[in-house]
1. Report whether or not residue 117 is under 14 Å from the mean Cα position of the chain (by Cα), buried (at least 16 other Cβ atoms within 10 Å of the Cβ), more than 16 Å from residue 30 (Cα to Cα) and at pLDDT 85 or above.
2. Only residues that are over 23 Å from residue 124 (Cα atoms) and not in a strand (DSSP E or B): list them for the range 29-76, please.
3. Taking into account only those residues within the range 143-166 that are assigned to a loop (DSSP other than H, G, I, E, B) and out of contact with any helix residue (DSSP H, G or I) (no Cβ under 6 Å at 6 or more places or on another chain), which is farthest from residue 33 (Cα to Cα)?
4. Is it true that some residue in the range 123-130 is assigned to a loop (DSSP other than H, G, I, E, B), on the phi < 0 side of the Ramachandran plot, surrounded by 15 or more Cβ atoms within 10 Å (Cβ to Cβ) and touching a strand residue (DSSP E or B) at 6+ places or on another chain (Cβ under 7 Å)?
5. Within the range 91-110, can one find any residue that is surrounded by 18 or more Cβ atoms within 10 Å (Cβ to Cβ), touching a helix residue (DSSP H, G or I) at 6+ places or on another chain (Cβ under 7 Å) and closer than 15 Å to residue 29 by Cα?
């Protein structure tokens with residue numbers, strides 16, 4: 001028989017989780033309000049990738065650029081080695097100039113990259129169709145918002161996304177995602193500038209002749 005103390009404990013825990021989830025949803029709405037008029041964005045970025053293939057995380061730094069229409073996210077990473085990353089709703093490209101190599105992954109429809117781009121134009125109703133919105137820890141005025149994939153097809157390639165959002169004004173401080181194989185990639189943002197004037201060439205990937213191109217196409221779920 002369950003004691004009254006146990007019932008009270010589980011009730012308080014459930015209320016606490018509900019309150020945390022509500023705070024996460026509120027933070028997402030603040031982020032949405034902040035990004036409502038954003039057509040472009042630039043920021044300094046530190047990327048950290050954790051994978052079972054390496055003992056230590058791989059850290060890179062550089063600049064990030066975002067364009068809403070058509071949606072595209074670009075990274076110019078300088079350390080520890082140069083790389084240019086282009087992400088749109090259906091593809092993910094990594095160009096390494098020092099190696100004269102371009103890797104392109106085509107998804108065929110909105111996939112991992114499409115879901116990540118949604119974070120720059122978050123709509124709680126749309127996100128709720130694919131993710132469960134969960135509240136994480138709160139520290140120094142920043143709240144972790146966990147978006148856990150509730151669609152099995154999505155989970156095969158994207159388990160969760162974690163956003164770190166300033167409670168005061170909805171500013172996005174970091175974005176991390178865990179792919180279907182358990183690898184985690186985190187982007188920490190600073191010096192964020194909303195609606196800077198960015199040349200169209202910023203979002204065009206140009207590779208010289210002689211570049212080795214590796215293409216990958218992921219199988220589509222039926």
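1. Against the criterion (under 14 Å from the mean Cα position of the chain (by Cα), buried (at least 16 other Cβ atoms within 10 Å of the Cβ), more than 16 Å from residue 30 (Cα to Cα) and at pLDDT 85 or above), residue 117 qualifies.
2. Listed by number, the residues that qualify are 51, 52, 53, 54, 55, 56, 57.
3. Once the filter is applied, the top-ranked residue is 156.
4. Yes, that holds for at least one residue.
5. no
The values are calculated or read from the model by the stated rules, or taken from the named source; none is laboratory data. As the structure is a prediction and not an experimental result, all values here were calculated from the model. Methodologically, a virtual Cβ is constructed for each residue, glycine included, from the backbone with ideal geometry; neighbour enumeration extends over all protein chains shown.
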